[in-house]
Each structure stands twice: as C-alpha cells, then as structure tokens.
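Trainee: Structure below; questions to follow.
The values are calculated or read from the model by the stated rules, or taken from the named source; none is laboratory data. Predicted model, so just to flag it, every value in this text is computed and none were measured. Neighbour counts run over all protein chains shown; Cβ positions are idealised from the backbone, glycine included. Quick note on the areas: whole protein, heavy atoms, side chains included, nothing else; ligands and nucleic acids left out. Shrake-Rupley method; radii C 1.70, N 1.55, O 1.52, S 1.80 Å.
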Amino acid sequence: MVTLDTNIPAQHPSVGIRGSFGLTLQDRRFLIAALLMLLAIRLLFMLWLPFTDTTEARYVEIARKMIETGDWITPQFDYDVPFWGKPPLHTWFSALGMQIFGVGGFGARIFILLSGLSVLGLTGVFMKRYVGAEQALVAVVALLSSVLFFGASAFVMTDMVMTLGITLSMVAFFTQVTDQTGQRIWGHLFFVGLAVGLLAKGPVALVLTLMPIGLWILIGRRWSLVWALPWRTGMALLLALTLPWYIAAELKTPGFLRYFLIGEHFERFTVSGWQGDLYGSGHARAKGLIWLYWIAAFLPWTLFAGWLVWRVKKIAKVVREDTRGWHSYLLLWALAPMLLFTPAANILAAYTLPGMPAAVLLLVSLWSSVQGPPGRAARTVFGISIGVVTALFATITLLSKVAPEALNLKSQQALVTQALEIDPQMRVSYWGGRSYSAEFYTAGKAQAITDTGGLAALASDDVRDAVAVSPGALDHVSEALGQRFTNLGKFGRNFLFVEAGITGEKP
C-alpha cells in the first residue's frame, strides 16, 4: 500500500509548501477577524431572512408538517401527500431544530448551518494535515466567503447536507489510504459519509463521491489502495444506516423507490423539461451551463483561479512531481459535479456545491506551490476581495431586516403578518396556486384558489377571508371578489384583499 508520511518536510513536492506560508501576525489576525465577521453575518442572515418561495419555503413547510403530523418516515408535500423527491435527512435536521428551538428561522436553519460549519472544519483539517495550518486558515476563509457556499451554509435544502457527506467521504478516503498509522477509523468514516449522502439526496451522492475516487485510482494505477478500506465492516455500517429508512419509506408509501430512483435520478437529468416531476417542474437549461454556474458560484475566487491558470507550466511541473496524487485528487473531486451534470438537461447552480471544498483546497495548495508565500500585491487583492464580499453580505443581511421590500424577496411573510394582525382568525387564500411560505407562516392553513367560482364562494360563509393577488391578475380578481373585499395595497410581490367583518363593516 502506498503511504504518505504526515510529517512531510518543508517544500515536499507532493503537497506543496508545508510549514510557514509567509503569513504575518497581522495577516492571521485579519483572516480570523474576517472569519468571525462572516460567521456573525451568516448567523444574523439566518435569523432575519424570511423563508422564500419556492425552494426553501417548500422544504421548511415539509419539515413543519413533519412535526405537526408526527410522521418522521415520509415527508409530506401536502397533508397526506407523500414527498418522494428527496430523502429526509435535511428535513429531519430542520424538524428537529424547530422542535428544540421553536418553529421559525433559527430552528429550521440551525442544523443546516452546523452542517456547513462541519464542511468548513473538515476542509481546514484536511488542508492543515497535508499542507499547513496557515494555508488551512486561508482555505476556510475563502470557502466561507464564496458566494454559493455562504448562501447555502444555512439555507434549508438538500445540497449542504449532501456536501457534508461527500466531503467526509473524500477526506476520509484519502486519509485512510495514505496514512501509514493504520487508523481504520477513517475507513469507517468514509462509509458514514456515503450514508449521509444517501440519506440527504440519494444515489447521486454516491456518484459524486465514487466517480472522482475511481478516476483517481484508474489514472494513477493505484489499484492496491482499494483494499485499504474496511469493506466488510464498512458496508455493514453503510447498510445499517441507510436501508431501514429506504425500506420503511417504500412499505409506507409503495411506489416511492420507482419514482425516486428512476424519475429523480435518471429522467430528471436526461429529459429536458421533465414532465414527470410530481412537485413542480424540471429546471430545463442548456447543456453545459453548469460550468457558468460554477464560475459565478465560486466568486470572488474564480478570478484568482483564472489568474493562476496563466501559470500553466509551473502548475504542470507541480502536478508531475506530485507522486502521491494530492493535487489530482482535489482536481477530480472539484470537477466531479461539472463532469456529471454537463450533459444534464435539468440543473441548478447549487449542484456545483459538493466540489467547492476541493476547489478551494486546490486553489490554495497550487498557489502556495506555484507562487510561494503571498506577496504584497496578493495580500492586497485578497484583502480587498474579502472586504467586498463581506460588505455585500452585510448589506443584504441588514436590508433583510430593515427594508426587505428593497430585496424584492419572493416571500409571503409580510402579507400574512398583515392579514393576521387585522384578524387572527383570518383565512388566507392565494389566487393562482400554492405559496409554500404562506403555508408555513399560517401553520399550513393557507389555501390556493384557481377558479373564479372559488373566489365568489369566499363571501358566502362565516369565515373572514384575505386573498393574495399578483399584479397581473389584479383587475380580474378584484371584479370577481366584488365590493365586500378591500384592496389594502401591495405587501411584497402581491396585493392583499381583505373581506369586511362578518357584521358588514369595512376592514
């Protein structure tokens, strides 16, 4: 078995420059301060940002329903309608958080944030172990300040939890097969990471993990490394962690496995504008667009990566001398999402997230190998980049608290709050279709109306109603509602019509 001595001497060619990266005490203080500032901003953003339609609000409402119904096996898209689109790990995280801390932004997002912090921790530990502590600090700050990672680090969705599983598996595999101490704990953590991925998003997590590892073994002819893993006990651990839920989910709602495995993991990515989606619609995009998404998602560090590419000869030399495969391992890991989703017909920018820890590690490691300790110009540009993105994140966070209307958020929090302040028993309806954020903020009571007959029926019962209407449907709905409803104006993106009190008075 090929081994890697963790006590690598300075300037070992296989992992870049180890030891001092040339950071001054002032540099380290700046990086630590930036890290703490970014974490503080992200915490406030998590607290202040309302849930927005459709992605986050949909997932958080599914988590709220999980608490309300007590069904922790099958997430529910609507009452008694199973949600087969994703496994439940991120839903469990949000539901558990809200059960502990209360139904709201903090509870729903706290365990997603802890998942993001765990990814940061694994990234830093991995870099420190094989390159150096100073490079690790730079890598952690760069990862947290990248546009997509910062946004996703406390956003209720599947991708950050899956990224945690993939990162754990990738770090654990490399450590297990290159560590001569023979500590098998890393081998078992590799299988734990696979289990996290399978419970967070499904088989796609296996592909995003095993594809780069398989290519790394194949290209480097590292066949013997495969046997460094504890396959027997590891597979037993993996199956014990994942099979119980998959079996229980199929038994509880037959048809789940067919839809999830075939529809979500094959047809979604091969059929443009896939019509089989039970919970929305396919995200039809031009094939290959995932690369442009990556460029935007990795800002501002995409610019540094672009500048480094101009040193292609030096990079090639570093990679050739890297007999242990550190850089090639990171490169394949970083590229795996783009390689997988380039031919896909339905993609989102968040699909690039699992490769971002590796992209940061590769960027910092190559920079330290090719450029050496950062000079004054590099320090200045890095500092400006950190300052700009921190100011941007801080501005958006502050606006989400004091002037959310300036952000034009696709959230119904303000409208629902206004309606319930008028009458706590108000029934809130949405013209044209569901609003997941409205359902969350009304504890599942908001309803959708899609025909004028339903509008007319609102005035014929003893329940006071509020109707949310988009600007495009304003005239049509206003006429259908009649004189009994008053337009109170625009709240967020919709207008609010409120019915007069039951005794006939205007609201």
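Trainee: Please pull out the direction-averaged projected area of the stretch 185-236, using the convex hull of its alpha-carbon atoms, in nm² to one decimal place.
Mentor: 3.6 nm²
Trainee: Here is a further query. Expressed as a whole percentage, what fraction of the accessible surface of the stretch 126-168 belongs to carbon and sulfur atoms when a 1.4 Å probe is rolled over the protein heavy atoms?
Mentor: Carbon and sulfur: 76 percent of the exposed surface of the stretch 126-168.
Trainee: Moving to a separate point now. Going from most exposed to least, what order do ARG221, ARG379 have by accessible area with a 1.4 Å probe?
Mentor: Largest to smallest exposure gives the sequence ARG221, ARG379.
Trainee: So for the pair GLU479, TRP307, with labels modelled 7 Å out along Cα→Cβ, what separation do we get in nm?
Mentor: With each label point 7 Å from Cα toward Cβ, the separation is 6.1 nm.
Trainee: Name all residues of the stretch 336-359 having a backbone nitrogen under 17 Å from the label point set 7 Å from the Cα of ILE219 along its Cα→Cβ direction, giving them as ranges.
Mentor: Correct set: 336-342, 355-359.
Trainee: Write down the accessible area per residue of the stretch 62-119 in Å², having rolled a 1.4 Å probe over the full set of protein chains.
Mentor: Value returned for the stretch 62-119: 35 Å² of accessible area per residue.
Trainee: Follow-up. What distance in nm lies between label points placed 7 Å from Cα along the C-beta direction at GLN99 and THR395?
Mentor: Computed distance between label sites GLN99 and THR395 equals 4.2 nm.
Trainee: What does the highest-first list of 479-487, 203-211 look like by mean Cβ count within 10 Å?
Mentor: Highest mean packing first, the order is 203-211, 479-487.
Trainee: I've got another one for you. Count the net charge of all other residues whose Cβ sits under 15 Å from the Cβ of TRP216, scoring Lys and Arg as +1 and Asp and Glu as -1.
Mentor: Summing Lys/Arg as +1 and Asp/Glu as -1 gives +2.
Trainee: While we're looking at this one, here's another question. Run the accessible area of the stretch 198-258 with a 1.4 Å probe and give the carbon-and-sulfur part as a rounded percent.
Mentor: 76 percent
Trainee: Continuing with the same structure: With the Cα gyration tensor of the stretch 393-494 in hand, convert its eigenvalues to equivalent ellipsoid semi-axes via √(5λ) and list them largest first in whole Å.
Mentor: 26, 15, 12
Trainee: Does the stretch 141-256 classify as rounded, prolate or oblate by the C-alpha gyration tensor (a ≥ b ≥ c root eigenvalues; a/c under 1.5 gives rounded; else a/b over b/c gives prolate, otherwise oblate)?
Mentor: Oblate is the answer for the stretch 141-256, as a/c is 1.5 or above yet b/c matches or exceeds a/b.
Trainee: Enumerate the whole-percent occupancy of each 10 Å bin, from 0 to the last occupied one, for all C-alpha pair distances of the stretch 444-507.
Mentor: Per 10 Å bin, starting at 0, the Cα pair percentages come out as 21, 59, 20, 0.
Trainee: Once you have a ≥ b ≥ c as the square roots of the Cα gyration tensor eigenvalues for the stretch 296-340, tell me rounded if a/c is under 1.5, and otherwise prolate or oblate according to whether a/b is larger than b/c.
Mentor: It is oblate, given that a/c is not under 1.5 and a/b is not larger than b/c.
Trainee: Using label points projected 7 Å from each Cα along Cα→Cβ, tell me how many nm separate GLN371 and LEU488, to one decimal.
Mentor: Result for the modelled spin labels: 5.4 nm.
Trainee: Using mean Cβ contacts within 10 Å as the protection proxy, how do 458-470, 428-440 order, highest first?
Mentor: 428-440, 458-470
Trainee: Moving on. Among (i) 1.19; (ii) 1.76; (iii) 1.08, which one is Cα Rg over 2.2 N^0.38 Å computed from these coordinates?
Mentor: (iii)
Trainee: If you fit an axis through the alpha-carbon atoms of helix 55-69 and take the longest principal axis of the Cα set of the chain, what angle between them do you get, 0 to 90°, nearest 10?
Mentor: Result, in degrees: 70.
Trainee: Relative contact order of the stretch 349-507, please, whole-number percent, based on alpha carbon pairs below 8 angstrom and at least 6 residues apart.
Mentor: Relative CO of the stretch 349-507 lands at 18 percent.
Trainee: Would the stretch 303-376 count as rounded, prolate or oblate if I go by the C-alpha gyration tensor, calling it rounded below 1.5 in a/c and otherwise prolate when a/b exceeds b/c, oblate otherwise?
Mentor: Verdict is prolate for the stretch 303-376.
Trainee: Accessible area per residue of the stretch 126-271 at 1.4 Å probe, in Å²?
Mentor: 37 Å²
Trainee: Let me ask another. Which order do the peptides 288-296, 307-315 come out in when sorted by mean C-beta neighbours inside 10 angstrom, highest first?
Mentor: 288-296, 307-315
Trainee: Using only the alpha-carbon atoms, how far is helix 326-341 inclined from the longest principal axis of the chain? Give it as 0 to 90 degrees, nearest 10.
Mentor: 30 degrees
Trainee: Give me the distance between the Cα centres of the stretch 358-436 and the stretch 124-197, rounded to whole Å.
Mentor: Each part's Cα centre sits 23 Å from the other's.
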